[in-house]
Amino acid sequence: MSQIHIQPSLEAPRVIEAQGLSFSFNGEPVLEDVDLTVARHDFVAVVGPNGGGKSTLIRLMLGLLTPQRGRILVLGQAPAKVRQRLGYLPQHPSLDKAFPINVGEVVLMGRLGLGGLSWGGRWSRSDKDATEQALVTVGLSELGARPFAALSGGQRQRVLIARALATEPEILFLDEPFAGVDPGAEENIYELLQELSSGLTILMVSHDLGFVSPLVSHVICVNRKVATHPTAELTPELIRDMYGREVRMVRHDHKGPPGGCACE
């Protein structure tokens, strides 16, 4: 049985726990016998090859999928029962960037289901306050009235992160938050995540192993089976074992993992 264990500090309670977790699509195993523990305020990257089960693992944690064997607890309960305490940025958000909606309205969508919207379609003061604070956090407070379609790719991604933050989550899940953004926008989002990590538990799916190394302390490696490693252990040999091939390491600063990089 594969083991994940992210050792929590004595002060940090466990916020995600799974035992013997398995899931299949149409009879084809996607995840097998996953055991894991994540502590409060951990920042963990989930990496692995395409189709290896990364997004499925995140969806199980969110309660969007149900385990076929084993169990998973989030904040001490079944994930579906605590979904309002979780923030989520999916890899492919179902939001047409050309839809006639402004930035503030996009972020307010994160408040749906929290009980603040009245029968008359009016948002509560707390909803508006949470939206304004989320925009301040991502550095876009001055763009609340701007059409979403008028933003750059990096700005749109930060708005969608703000939508996840508007739920005032205890855990933030990010599925490929750098997809489709240019290098300058990546750097802005990188700095934002560094700031957020001081007060949130963050789980981030990423394909960029060089990127995650200076930002996170642990990496969950998913390729049907699951293992975890401190970032410092990301060597070319380990990466080849995980991906079944060599993978280029793209670094965002000078603190990449020891041992150099493997190149395609």
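The values are calculated or read from the model by the stated rules, or taken from the named source; none is laboratory data. Since we're looking at a predicted model, the values are computed, not measured. Positions of Cβ are generated from backbone atoms using ideal geometry, with glycine treated the same way; all protein chains shown enter the neighbour counts.
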note = Cβ pairs under 7 Å, 6+ apart or interchain, first in the range 36-59 and assigned to a strand (DSSP E or B), second basic (Lys, Arg) and buried (at least 22 other Cβ atoms within 10 Å of the Cβ), ordered by first then second residue, are VAL46/LYS54
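Would you call SER94 under 29 Å from ASN26 (Cβ atoms), modelled with pLDDT under 90 and of a type in the set (S, T, N, Q)? Let's see the steps before the verdict.
On the way: under 29 Å from ASN26 (Cβ atoms): yes; modelled with pLDDT under 90: yes; of a type in the set (S, T, N, Q): yes.
Here the answer is yes, as SER94 does meet what is asked.
Residue under question is ASP96, and the condition is that it be within 16 Å of ILE220 (Cβ to Cβ) and surrounded by fewer than 20 Cβ atoms within 10 Å (Cβ to Cβ); does it hold? Spell out the reasoning first.
Details: within 16 Å of ILE220 (Cβ to Cβ): no; surrounded by fewer than 20 Cβ atoms within 10 Å (Cβ to Cβ): yes.
No.
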request  = Take ILE72 and decide whether it is closer than 22 Å to GLN155 by Cα and surrounded by 14 or more Cβ atoms within 10 Å (Cβ to Cβ).
outcome  = no
